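The values are calculated or read from the model by the stated rules, or taken from the named source; none is laboratory data. Just so we're clear, the structure is a prediction, and the values are computed from it rather than from any experiment. Here the Cβ is made from the backbone with ideal geometry for all residues, glycine too, and neighbour counts use every protein chain on show.
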Amino acid sequence: MIFTVKLIGLFSRTIIVHNALMKNYLIYEYGIKKLKVIVIPHGIDSISIKNVAIENRYSNNNLILFFGFIAPGKGIEILIEAFSKLVNILPKTKLLILGSYHPRLFKENPSYIGSIEKKIKEAKLEDKILFENKFVNDENLQSCIQVADVIVFPYTDKSVIGASGALASCIIFGKPIIATKIPRFNAELKNGVNAILVNPNDKKELHKALLKLLLNEDLRKKLCLNLKTLANNRSWQDIAIKTIKVYEAILSY
């Protein structure tokens, strides 16, 4: 996501981006002057619920969570294939796919709609993979994040140079994360430090990462503690203050 601050009557333009990767892309690919690009990180949501009622279908199971709009490029098919190998080793494991098909697909790619249900059925994992294809509000999303053991972002689309809103939504919870080595995750996540990073489209590597995290409690705790440090000074109030200061600085010229 990129915001542009444009002042009437002036020829200058300041661009606000979410991370250094985006800044460098504008500088070196588009020739934008370095001083014109300001980095303000993506805001982090605060926790809006205190008590979580764990549903019976999640209890006594390892729970792997994917959330967000369902669309090509998210790597959900790779996740299902990796998960199908995992349940043979850890049978008390479930995968929750939380979200609905992206509205644009009804016009741009209608044949993709229903493909995830078909994939689950072909793998004979209807009792292990929970997918209801519906929009989830913030409270329900946060409930599921809190009860999840591992959160996975298996995206395969490398073309997006930006920040991940889905990642920002769960940082405050400090949950173990597996993500792919693509720009939107590489900008914030460090392999073995605050997350496990795997190559996109690599179901074997994803399977190994899932197994490693679920079997290693000490590693999960380490990643969780380090991940939560990303939330420092990134509340939406902090982001608003930083943005206002950029406007004030420009107006003072």
Considering residues of the range 222-247 that are surrounded by 13 or more Cβ atoms within 10 Å (Cβ to Cβ) and among the small types (G, A, S) only, the residue farthest from K190 (Cα to Cα): S235
Any chance L167 is among the hydrophobic types (A, V, I, L, M, F, W, C) and in contact with a His (Cβ under 9 Å, 6 or more places away or on another chain): yes
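A quick yes/no check of all residues on (1) under 30 Å from I40 (Cα atoms); (2) within 18 Å of the chain's Cα centre (by Cα); (3) of a type in the set (A, V, I, L, M, F, W, C):
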position: I182; (1), (2), (3): yes, yes, yes
position: N186; (1), (2), (3): yes, yes, no
position: G192; (1), (2), (3): yes, yes, no
position: P200; (1), (2), (3): yes, yes, no
position: L215; (1), (2), (3): no, no, yes
position: N226; (1), (2), (3): yes, yes, no
Pairs where the first residue, in the range 231-253, is within 9 Å of I40 (Cβ to Cβ) and the second is of a type in the set (A, V, I, L, M, F, W, C) and loosely packed, with under 15 Cβ neighbours inside 10 Å, C-beta under 6 Å, 6+ apart: none
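Among L227, L215, L206, which is the only one that is hydrophobic (A, V, I, L, M, F, W, C) and closer than 30 Å to L35 by Cα? So that I can check it myself, show each step before the final result.
Values: L215 fails: closer than 30 Å to L35 by Cα; L206 fails: closer than 30 Å to L35 by Cα.
Checking each option against the conditions leaves just L227.
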Hey, I239 outside the structural domain of A148 (by TED's automatic domain parsing) and closer than 30 Å to T14 by Cβ or not: yes
Options S115, S100: the member that is of a type in the set (S, T, N, Q), closer than 27 Å to A168 by Cα, in the same structural domain as A179 (by TED's automatic domain parsing) and modelled with pLDDT of 95 or more: S100
Subset of the range 92-108 [of a type outside the set (A, V, I, L, M, F, W, C) and closer than 21 Å to I145 by Cα]: K92, T93, K94, G99, S100, Y101, H102
Matching entry among A195, A179, A148, A209 (being of a type in the set (G, A, S), modelled with pLDDT of 95 or more and over 21 Å from N19 (Cα atoms)): A209
Residues located in the range 78-107, provided they are assigned to a strand (DSSP E or B) and either under 18 Å from E122 (Cα atoms) or among the small types (G, A, S) (or both): K94, L95, L96, I97
